[in-house]
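Just so it is clear, none of the values below were taken in a lab; they were calculated from the coordinates. Every value quoted in this text rests on a predicted model; they were computed, and no experiment measured them. Quick reminder, even Gly has a Cβ in these numbers, built from the backbone with ideal geometry, and neighbours come from all protein chains shown.
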Amino acid sequence: MNWPTYRAFYMWLRNYNVFIRLFWSIAPGFVIEPVVLLVALGFGFGSFIGDINGQPYMEFIIPGVIASYAMTSATFECTYNVFFRMDYRKTYDSILATPMNVSDVVTGEVLWGATRSIITACIILLVAALFGIIHSPWALLAPIFAVLEGIMFASIGIFFASIVPSIYSFNYYFTLFIGPMTFFSGAFFPVSSFPEAVQVISNVVPLTPAVSLIRGAVSGDFSGVNVVISLLAVIGVSAAFYIATLFSMKRRVME
């Protein structure tokens, strides 16, 4: 297996250029939607419930919205879009006719997924700051944690894209993995509020440590966060799926 080279940057650059060209068509999904969710849940649902862990509900869900949309930004980019480029447009066939190798393609896609995550995180963080509900300078760490989260979910997404037989198979990925994880990770409700059996699931899904890190950064309070364990979990899952993806994608494009 060939390891990635500097040419991975050109894969990232290719995706960046497409993103800029189609920005106004893409923007509603990662700009308007999370803001609407933040306002609807924070001001709407939040007005019916009290504080959670000593925080107003609006402040509690900001890290969850950042983490969940950082996840979905990287996930959509590295599932449907990767599969479309691979199987429908045959973009990878053209790219691999150049000196770039499969590892360059995978690495460029992962980095682009992480880029989408940090863009989304920064936008939501900016909106929250404009609402006057960001009180800690530690919140500046949230986009950095979002990058690590983006690398993780980009790697998982590309791995799944490299093994599914058709684009319709992503229904399983989103319905059985991404959807439930969004609600069971502590993004919108404390994990402690779930039954013990659900808490076990919550503590092992990959979004949970990302939510914990971003919540600690946004609130400026890491006392309830095991930073080392959470970082190791995110990095470990990222590394495992990234390496697995290098092999699975090479096998897929060679078929």
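The table that follows gives values for the structure above.
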item: Quarter of Cα convex hull surface for region 148-230, i.e. mean projection, nm²; result: 6.2
item: Trypsin sites (Lys or Arg not before Pro) restricted to DSSP loop in region 45-115 with at most 14 other C-beta within 10 Å; result: 89, 90
item: Helical mean residue ellipticity (222 nm; -39500 (n - 2.57) per DSSP H run of 4+; nearest 500) of the chain; result: -20500 deg cm²/dmol
item: Principal axis box of the chain, alpha-carbon based, largest edge first, Å; result: 58, 40, 32
item: For region 176-183, Karplus couplings with θ = phi - 60° (6.51, -1.76, 1.60), whole Hz, Gly/Pro x; result: 9, 10, 5, x, x, 4, 4, 8
item: Selected from 106, 82, 18 as most flexible by GNM, with the chain as the system and alpha-carbon contacts under 10 Å; result: 18
